[in-house]
């Protein structure tokens, strides 16, 4: 009896373990729209998280640069123990102790830069521009990830639609093969027609397998962008739908040159380089600062008691000769400024060309959609006519299969054009810096 109970308990444990490990129990199906997919990708993508941390680095650098405008306060304390106190002989064999063995002091020092010939101001400008560059880098990473998710989202949908089309074509060819077999048995079709139909059905099988594999690959790529485990089940809420984009080419170029993260970053790099020229020019200029000290000490004025005193000073530093390093720094910084200007001009030309190419590709896919939509309708109508005429014996088996192939090709081209158009729209949006 005990043996039976133990066996039952073990079976229950095994059953519960298998259920907990089963994908259908471990992971529920996630219903995802495009917007939700992008949101999830932003939350878990490592490149986005790393770029966000670089923002924190830039903010810290800005705080450090801002500190140059403010005074510095430091506190210090000392304790000194002498082997023996200091004495002064006053004659007659008498000595006066002027300093005991123990000496204490506590000091507070405030230092403020008064005039630095623009050093602090230009350092702050560089740090501020660096922070803006980090912000644009972060925005660039987000825009890139948004495009990648959008592209993967529509490719995933396209793979599903193409699989449905392959299954539909395969099922239709199976029906046609049965018709050919029936006609062959009745002496209305030749052996050649029968063999040709069987070969055509067999040829569709690899295409069906490729469509299934393409769907699996598209799903895996999509889940990878969202950092989902491979066992996660996802269902997309979306469709391949044509919606005209009303943006004109000139508008797209203008917005891209104004809003692209790369352009804004290069302009900030230009500001950094300009501040660098000013910093280099100031390296041989004078520095003026003020220092205030407040001190408690014991002994004080030869008395073994606490006393306090203060002092203030104005410090002027003027570099006279630094081995021509200032000249070298100025030459270096001016060349860096020119380099950034050339890079900015080149990037403007590069982005304009990129937007033109994407825009032309978008319009090409738009025209393909319009033409393929009409072509698909005609192919479907031709297929319906061909099916009726084949049953009536008015056309050959080869003509029927040609009609079916034309329908499949027209639908495939239409679906591909839709996906390409939606992806091109997303690419143009990214190229415009949105």
Kindly indicate which of 189, 127, 159, 171 is without any contact (Cβ under 8 Å) to a residue 60 or more places away in the chain and either at negative phi or not in a loop (DSSP other than H, G, I, E, B) (or both).
-> 171
Criterion: modelled with pLDDT of 85 or more and farther than 28 Å from residue 126 by Cα - qualifying residue of 395, 370, 351 = 370
With criteria (1) under 30 Å from residue 432 (Cα atoms); (2) touching a helix residue (DSSP H, G or I) at 6+ places or on another chain (Cβ under 7 Å); (3) surrounded by 14 or more Cβ atoms within 10 Å (Cβ to Cβ), residue 157 comes up short on (2)
Among the residues of segment 137-151, is any in a loop (DSSP other than H, G, I, E, B) and under 30 Å from residue 49 (Cβ atoms)?
-> no
Look through segment 227-284, keep the residues that are in contact with a helix residue (DSSP H, G or I) (Cβ under 6 Å, 6 or more places away or on another chain), within 26 Å of residue 356 (Cα to Cα) and not in a helix (DSSP H, G or I), and return whichever of them is modelled with the lowest pLDDT.
-> 245
How many residues of segment 219-243 are at positive phi and free of Cβ contacts under 8 Å to residues at least 24 places away in the same chain? The answer is 0
Mind checking whether some residue in segment 323-336 is farther than 28 Å from residue 431 by Cβ, outside any helix (DSSP H, G or I) and at pLDDT below 90?
-> yes
Any idea which of (1) more than 30 Å from residue 129 (Cβ to Cβ); (2) touching a residue at least 12 places away in the same chain (Cβ under 8 Å); (3) not in a helix (DSSP H, G or I) is the one residue 319 doesn't satisfy?
-> (1)
Scan segment 210-217 and give yes if some residue there is surrounded by 13 or more Cβ atoms within 10 Å (Cβ to Cβ), in contact (Cβ under 8 Å) with a residue 60 or more places away in the chain and either closer than 30 Å to residue 404 by Cβ or out of contact with any strand residue (DSSP E or B) (no Cβ under 8 Å at 6 or more places or on another chain) (or both), otherwise no.
-> no
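Looking at segment 386-401 only, could you name the residues that are assigned to a helix (DSSP H, G or I) and in contact (Cβ under 8 Å) with a residue 12 or more places away in the chain? Explain how you work it out, then say what you get.
Initially, segment 386-401 is screened for residues assigned to a helix (DSSP H, G or I), giving 386-391, 397-401.
Matches in segment 386-401: 386, 387, 390, 391, 397, 398, 399, 400, 401.
The values are calculated or read from the model by the stated rules, or taken from the named source; none is laboratory data. Fair warning: this is a prediction, and the values are worked out from it, not measured in the lab. Backbone-built Cβ (ideal geometry, glycine too); neighbour counts: all protein chains shown.
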